[in-house]
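All of the numbers you see were taken from the coordinates with simple rules; none came from a lab. Keep in mind the model is a prediction, meaning the values are calculated, not measured. Reconstructed Cβ throughout: ideal geometry from the backbone, glycine too, with neighbour counts over all protein chains shown.
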Amino acid sequence: MNTTFKIYNHLYKKYGPQGWWPLIDCSSQENGYHPNDYSFPKNTQQIFEVCLGSILTQNTTFTSVTKSLQNLYHENALDSQKIRDLPIKKFKILIKPSGYFNQKAEYILNFIDFFHTLKNRIPLRSELLDLRGIGPETADSILLFAYNQAEFKVDAYTNRLFSHYGLIDKNAKYDEIKNFIETQIKEEIQDKQTLVHVYQEFHALIVAHSKKFYSKKPYGVGCFLVDIQNHL
DNA sequence: AACCAGGACGTGA
DNA sequence: TCACGTCATGGT
């Protein structure tokens, strides 16, 4: 078993299934998470909600995003067409808690235009990357959690964790890290559905773990994954 | 009070 | 290509 998959197993054993992506109206859990239930998103509305959250969560905490989504939900506007019908000024106020509301409002409205041209088709990664405001992480977030595609989502925590143990270079680029992890996981997982679930859980687990040990410097203090290194 | 959060883009060298 | 500034709110 390779080191990456060992890390995944340790984190899963420690924290359990994370049930990402959290949804406002999940009906499964109070907080919107749905551990051990991979039947989400259930419809076009929920797919859009994940896309929306993926854009809103750029460089912010998800608790802030939840406020924005709740604001929209209470205005009965957690919907791509309803957002379009909203005065942009009001839309910006509703998503204000997530920060960068001017940029994000434009990004989202532009994404909605694209979203409507899809008509239930799964977007290509390249198509998403061509949209303003959607970089590699947001694209993979949308593909992995909104469309259940086998695209691993790399974030700042992933970079910190993997570079901390020398698995990747400290200033490795996004695609390098993504490729490395996907290759390692694919060595262990062949079934495509399982692969998607592992990608989803792994990213969520990395976030859960890193919030504890890789948020403030010095990074990695108390990180029990060091035990894996000792067994190499 | 500084720093970071489930980043992306524009600019100048 | 890459380092750096900008976008903005909210929590520690």
Given A:F111, A:F62, A:F91, which one lies farthest toward the positive end of the charge dipole of the stretch A:59-150, if we put +1 on the Cβ of every Lys and Arg and -1 on the Cβ of every Asp and Glu?
A:F91
Given +1 on the Cβ of Lys and Arg, -1 on the Cβ of Asp and Glu, and no further charges, what dipole in debye does chain A carry about its Cα centre, rounded to the nearest 20?
660
Excluding A:L56 itself, calculate the net charge of residues whose Cβ lies under 14 Å from the Cβ of A:L56, where each Lys or Arg counts +1 and each Asp or Glu counts -1.
+1
Note down the magnitude of the dipole of the stretch A:135-232 about its Cα centre, charges +1 on Lys and Arg C-beta and -1 on Asp and Glu C-beta and zero elsewhere, to the nearest 20 debye.
500
Can you tally the net charge around A:R125? Count Lys and Arg as +1, Asp and Glu as -1, for every other residue whose Cβ sits under 15 Å from the Cβ of A:R125.
-4
Assign unit charges at the C-beta atoms only (+1 for Lys and Arg, -1 for Asp and Glu), then state the dipole size of the stretch A:1-106 relative to its Cα centre in Debye, rounded to the nearest 20.
340
So if R0 is 22 Å, what FRET efficiency would A:E75 and A:R132 give, r being the distance between their Cβ atoms, rounded to the nearest 0.05?
0.30
Which length gain, in nm to one decimal place, applies between A:Q190 and A:F114 when the Cα-Cα distance is subtracted from 0.36 nm times their residue separation?
24.1 nm
Nearest-ten-degree value, helix A:101-118 long axis tilted from longest Cα axis of chain A:
90
Would you mind calculating the gained length between A:A208 and A:I122 on full extension (0.36 nm times residue separation, minus the Cα-Cα distance), in nm to one decimal?
28.1 nm
How big is the shadow of the Cα convex hull of the stretch A:6-143, averaged over all directions, in nm²?
8.9
Here FRET efficiency (C-beta to C-beta, A:T183 to A:K92, R₀ 30 Å, nearest 0.05) is 0.15
Links exceeding 27 Å between C-alpha atoms in this model, out of A:K104/A:K173; A:K173/A:K216; A:K96/A:K178; A:K90/A:K173; A:K82/A:K211, come to A:K96/A:K178; A:K90/A:K173; A:K82/A:K211
Return one number: the angle in degrees, 0 to 90 and rounded to the nearest 10, between the long axis of the Cα atoms of helix A:44-56 and the longest principal axis of the Cα atoms of chain A.
70
Which FRET efficiency, nearest 0.05, do A:R84 and A:D37 yield, Cβ-Cβ r, R0 41 Å?
0.85
Relative contact order, percent, of chain A when contacts are C-alpha pairs under 8 Å separated by at least 6 residues?
22
Per-peptide average of other Cβ atoms within 10 Å, ordering A:49-57, A:146-154 highest first
A:49-57, A:146-154
Between the DSSP loop rule and a limit of at most 15 other Cβ atoms within 10 Å, which trypsin sites (Lys or Arg not before Pro) in the stretch A:183-218 are left?
A:K216
Stokes-Einstein D for chain A at 25 °C, 0.890 mPa s, Kirkwood Rh over Cα pairs, in µm²/s?
133
Compute the separation of the alpha-carbon centres of the stretch A:153-232 and the stretch A:51-122 and state it in Å as a whole number.
29
By the scheme Lys and Arg +1, Asp and Glu -1, what is the net charge of all other residues having a beta-carbon under 15 Å from that of A:P97?
+4
Grab the Cα-Cα distance for A:T60 and A:E106, subtract it from 0.36 nm times how many residues apart they are, and report the gain in nm with one decimal.
14.8 nm
Mind pulling the angle between the C-alpha long axis of helix A:62-74 and the longest principal axis of chain A? Nearest 10 degrees, somewhere in 0 to 90.
30
